[in-house]
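Trainee: This is the structure I want to talk about, given as structure tokens.
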Amino acid sequence: MALDEGGLGRDLGASIRSASASELFEQARNGNRRALGRLLTLIETGGEAADEITELAHPETGQAHVIGVTGAPGAGKSTMTGQLLKLLSDSKHQSAVLAVDPSSPLTGGAILGDRIRMDHLAGTRTFIRSMATRGHSGGLALAVPAAVRAFDAAGYDPVLIETVGVGQVEVDVAATADTTVVVVTPGWGDAVQANKAGLLEVADVFVVNKSDRPGASDARRDLELMLDLSHITGQEHSSGYRAPIVMVNSIEADGIADVWKAIAQHREHLANSGLIDQTRASRLESEVRSRVQRLLGDGIDEVMATRPARQELVDAVGRTISPVTAARRIVAIVRG
Ligand SMILES: Nc1nc2c(ncn2[C@@H]2O[C@H](COP(=O)(O)OP(=O)(O)OP(=O)(O)O)[C@@H](O)[C@H]2O)c(=O)[nH]1
Ligand SMILES: [Mg+2]
């Protein structure tokens with residue numbers, strides 16, 4: 001069974017290819033994986049169809065626990081995620097993974113499928129999908145929540161988002177997740193890097209992966225120390241939660257059950273403290289903000305293309321008016 005379905009290059013069959021967004025949505029809700037794959041492709045492409053899917057899906061969401069998995073390249077995120085998926089499928093969860101790859105161009109969703117050890121997952125209902133972000137026209141900030149929403153509405157729970165930690169991306173993705181798992185490894189100064197990248201503030205669970213390697217207990221100690229000091233360094237967790245540190249060997253699946261326990265504990269903390277509603281509300285607000293910004297941005301492109309705006313530009317280039325005046329006049333045109 002193919003785990004990674006609905007990629008751009010796949011033969012989807014005429015019925016799926018020609019189906020409308022609402023037909024696809026219904027089919028995906030009824031468990032049709034190819035329809036879900038197609039929805040995700042539409043979301044990745046952006047535009048009207050993506051917006052329509054969001055319209056359909058949004059009322060049907062709120063069930064899925066969204067888990068972000070981030071960490072340096074090669075830390076073992078995919079290996080650990082694969083083991084976690086196996087554990088979850090054994091306990092009858094229907095999980096989905098969205099692998100957000102900031103470095104590769106559009107691939108049609110094969111990256112993670114290639115990397116996660118699929119033999120573990122054959123015959124399960126796990127859904128794995130990659131989303132490439134380099135050159136993404138629709139904006140990652142909008143495509144990721146939209147994809148998570150599609151999974152949620154289609155009955156997947158939990159939904160995992162794997163991202164390579166390269167700068168800001170991981171923190172952005174953490175903002176999309178209910179629970180953020182940060183994977184570090186021994187011996188590479190990952191703990192220090194995590195500190196620098198602002199991950200102490202967003203990590204709800206730390207995994208020291210490759211704990212079969214030398215230096216694992218040092219990595220743990222470094223993290224503990226940084227967590228101890230985080231209130232002094234101004235990097236304490238945004239909700240005051242002390243992230244547990246879990247030692248894992250993902251090759252052997254050692255510690256994987258503890259990772260799940262830590263994730264579930266955090267979820268419980270969110271529920272008991274009421275933080276779940278608060279974080280989801282602020283997440284939605286920031287999405288709406290991005291969308292407003294984007295709509296206004298699109299509006300700017302349109303306005304800039306109009307003849308009166310072009311004339312202001314010509315005048316500014318000719319130095320008969322300043323850029324300040326040109327911008328003010330163009331805004332006046334918008335407000336019209
Ligand atoms: N010794 C050891 N090797 C591991 C462990 N987990 C993963 N690896 C190996 O580390 C390498 C990278 O693993 P991936 O799971 O692809 O790492 P990743 O973080 O998903 O990598 P990117 O997605 O490319 O950033 C692979 O060769 C894995 O077999 C572990 O616990 N112990
Ligand atoms: Mg990976």
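Trainee: Which members of segment 263-285 meet the condition of being modelled with pLDDT under 90 and of a type in the set (D, E, K, R)?
Mentor: Matches in segment 263-285: R280, R283, E285.
Trainee: Just one of V292, V288, V303, V317 is modelled with pLDDT of 90 or more and among the β-branched types (V, I, T); which is it?
Mentor: One residue alone meets the criteria, V317.
Trainee: Pairs needed: first member in segment 252-273, within 17 Å of H93 (Cβ to Cβ); second member anywhere, open to solvent by 50 Å² or more (accessible area, probe 1.4 Å) and part of a loop (DSSP other than H, G, I, E, B); C-beta distance under 9 Å; at least 6 residues apart or different chains.
Mentor: Sorted first by the residue in segment 252-273, then by its partner, the pairs are W260/S91.
Trainee: Also, quick follow-up: Do any helices (runs of 4 or more DSSP H) entirely within segment 98-188 hold 3 or more residues that are within 15 Å of ligand 2 (Cβ to nearest atom) and either modelled with pLDDT under 85 or over 12 Å from the mean Cα position of the chain (by Cα) (or both), and if so, which?
Mentor: Here the list reads 111-115, 168-174.
Trainee: Confirm whether A75 is open to solvent by 40 Å² or more (accessible area, probe 1.4 Å) and either modelled with pLDDT under 95 or among the polar types (S, T, N, Q) (or both).
Mentor: Answer is no for this residue.
Trainee: Going by what's in this entry, would R294 be described as more than 30 Å from G82 (Cα to Cα), among the basic types (K, R) and open to solvent by 40 Å² or more (accessible area, probe 1.4 Å)?
Mentor: In short, yes.
Trainee: Can I ask one more? Within segment 209-257, which residues are charged (D, E, K, R), surrounded by 16 or more Cβ atoms within 10 Å (Cβ to Cβ) and part of a loop (DSSP other than H, G, I, E, B)?
Mentor: K210, E236
Trainee: OK, next. I want to confirm something. Restricting to segment 80-97 and keeping residues that are open to solvent by less than 10 Å² (accessible area, probe 1.4 Å) and in a helix (DSSP H, G or I), which single residue is farthest from ligand 1 (Cβ to nearest atom)?
Mentor: L88
Trainee: Any residue in segment 201-217 that is in contact (Cβ under 8 Å) with a residue 40 or more places away in the chain sitting within a Cβ distance under 6 Å of a residue that is charged (D, E, K, R) and more than 16 Å from ligand 2 (Cβ to nearest atom)? List the pairs, counting only those 6 or more apart or interchain.
Mentor: Once the first residue is in contact (Cβ under 8 Å) with a residue 40 or more places away in the chain and sits in segment 201-217, its partners that are charged (D, E, K, R) and more than 16 Å from ligand 2 (Cβ to nearest atom) give V208/R220.
Trainee: Continuing with the same structure: Against the condition more than 10 Å from ligand 1 (Cβ to nearest atom), open to solvent by less than 10 Å² (accessible area, probe 1.4 Å) and within 18 Å of H266 (Cα to Cα), how does V66 come out, does it pass?
Mentor: Answer is yes for this residue.
To keep it simple, each residue is scored yes or no on (1) under 21 Å from A177 (Cβ atoms); (2) charged (D, E, K, R); (3) open to solvent by less than 70 Å² (accessible area, probe 1.4 Å).
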residue: V259; (1), (2), (3): yes, no, yes
residue: I263; (1), (2), (3): yes, no, yes
residue: L270; (1), (2), (3): yes, no, yes
residue: Q278; (1), (2), (3): yes, no, no
residue: V288; (1), (2), (3): yes, no, no
residue: V314; (1), (2), (3): no, no, no
residue: A326; (1), (2), (3): no, no, yes
residue: I333; (1), (2), (3): no, no, yes
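The values are calculated or read from the model by the stated rules, or taken from the named source; none is laboratory data. Keep in mind that this is a model prediction, so the values were computed, not measured. So basically every Cβ, Gly included, is an ideal-geometry build from the backbone, and we count neighbours across all protein chains shown. Side chains are part of the model used for accessible areas, which takes the heavy atoms of the whole protein and leaves out ligands, DNA and RNA. Shrake-Rupley method; radii C 1.70, N 1.55, O 1.52, S 1.80 Å.
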